Amino acid sequence: MCAYSSIHRSMEKQNITNQIATNSAKQQSFSNNILSDLYIACQQGDYVLTLELLETLEFNKINCLESNGSTALHVAAALGHAEITSLLLHVYGVMRDQKDQNNRTAYDVACNDEIRQLFHRPKNNNRFNSNGNNISANLVSIQDIKSRSDRVKRYENVSEVRWKQLRAVEKEFKGPGQLLINTFKSLFCSPKQSQETLWATSLLSIIKKQLDSSHNQYPQACELIQRYMETKKIEPLLYLYTLETPFYRYLTNDTDSSYCLAEPLLHNIGTVRSRAFQGHTFRGLSMTHNDLKIYYSAQQDKNIYLEMNTFCSTSVDENVANFYMKASENEDKIKVFMEFSFPKICSTAIQLYAIPPDLPCISNFEDEKEVLIIPGTIFRVENIETNGYNVKIILDHYNIEDVIEEYRLVVFDHNLPDW
């Protein structure tokens, strides 16, 4: 049986090698190029040579598309060279979203589950679960309905929510003809520095403070910000959020920390409308009884709304949320499973996973099926179910987009000049 398995694996590797060679021959545009030494070392499974080469190469050379339309990471994953794949992913932090000539990532071509596992996020993190201290640390008592937490903000009724949005809309229309003036300026006046450049500069400054330049994800983080500056698209910033770095922990500290990434995302949220989410998504939490008070009080009074103050990672796969919840079990706290319900499409809940037929994954971890909830998203506590020491909280999204559009029309009509 052992001999058969060995022969079978050898045949699989040979078939993959033959397929790569066949695909290479089809690519006329690459026909005059030569495979790099790094690619050949990864292809041959030579760990020592691969390591030596990696120590001498710039980041863009490690990630380059080779003459056969593949990358070093593609061939290492496809041929099952686990040590080399791990070296590329975890030590040198290569770009996982690079596509080969057949529009496949290295994760797509990984030869088995052992290799695919190397692409998964380390399980000792809290991306899909939360320590209760980050959820309701500032809650004084259940009667203190004015209190706010680090992660959620309370609104007393629908009117308060609507007035908040109206004030935001009114800023866009400061007087008659202001919209036309702003449009004219954006078309014909070149600012000294674009808003995107200012945001990117600020993000890069924060990353340099949060990540040491020797951090394996530092080159990738800088590359993603550079992509944002060049393309003015927010997908690289969403990808940046998914990296497993101290920068992520900084973003989820509080509202002020979240602002550096939330502002550019919200400014161009309409450009990723095709990724807006509808349905149910999940997250695991760990809370004390005091942590839960804000949710119980909101359940009792249906006029109370909660607004997310920081970024919130959720998954459409319940198993992902369950796994991380169990991994962070604490005897002093209650396990909480949170379900976010979006009856209508929500633009501030963004699908980071691949959406067929043409939207690629924009997460560093393709297996997580992440839906990222942006700060400012508003919910109502629909129900809280208790089962022993486990609690399930169901939050219904309050869709304010129709309300915003209604106010936009009213304010715009009011400010239109007679001419």
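Values in this text are rule-based calculations from the coordinates and carry no lab data. As the structure is a prediction and not an experimental result, all values here were calculated from the model. Note that we place each Cβ from the backbone using ideal geometry, even for glycine, and neighbour counts take in every protein chain shown.
Computed values, structure above
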{"read-out": "Normalised contact order of region 209-282, rounded percent, pairs of Cα under 8 Å and 6 or more residues apart", "value": "26"}
{"read-out": "Cβ-defined net charge surrounding PRO360, 10 Å radius [Lys, Arg +1; Asp, Glu -1]", "value": "-3"}
{"read-out": "Other-chain or far-sequence residues with amide H under 5 Å of SER347's (modelled H)", "value": "none"}
{"read-out": "From phi via Karplus (6.51, -1.76, 1.60), per-residue ³J(HN,Hα) for region 212-226 in Hz, x at Gly/Pro", "value": "6, 4, 8, 4, 5, 9, 4, x, 5, 4, 5, 4, 5, 5, 4"}
{"read-out": "Coil-residue GluC sites (Glu not before Pro) of region 53-110, DSSP, other Cβ within 10 Å capped at 14", "value": "GLU55, GLU58"}
{"read-out": "Simple spin-label estimate for GLN300 and GLU52 in nanometres, 7 Å along Cα-Cβ", "value": "7.2"}
{"read-out": "Efficiency of FRET from Cβ geometry, GLU114 and ASN60, R₀ 30 Å, rounded to 0.05", "value": "0.55"}
{"read-out": "Karplus 3J(HN,Hα) series, Hz, for region 106-119 with 6.51 cos²θ - 1.76 cosθ + 1.60 (x for Gly, Pro)", "value": "5, 4, 4, 9, 3, 7, 7, 5, 4, 5, 4, 4, 5, 7"}
{"read-out": "Extension gain, HIS90 back to ARG249 (0.36 nm per residue minus Cα-Cα distance, nm)", "value": "55.4 nm"}
{"read-out": "Rounded FRET efficiency, nearest 0.05, which uses the C-beta distance separating LYS123 from ASP332 and R0 of 22 Å", "value": "0.55"}
{"read-out": "Cβ-based net charge around LEU53, under 10 Å, with every Lys or Arg adding one and every Asp or Glu removing one", "value": "-3"}
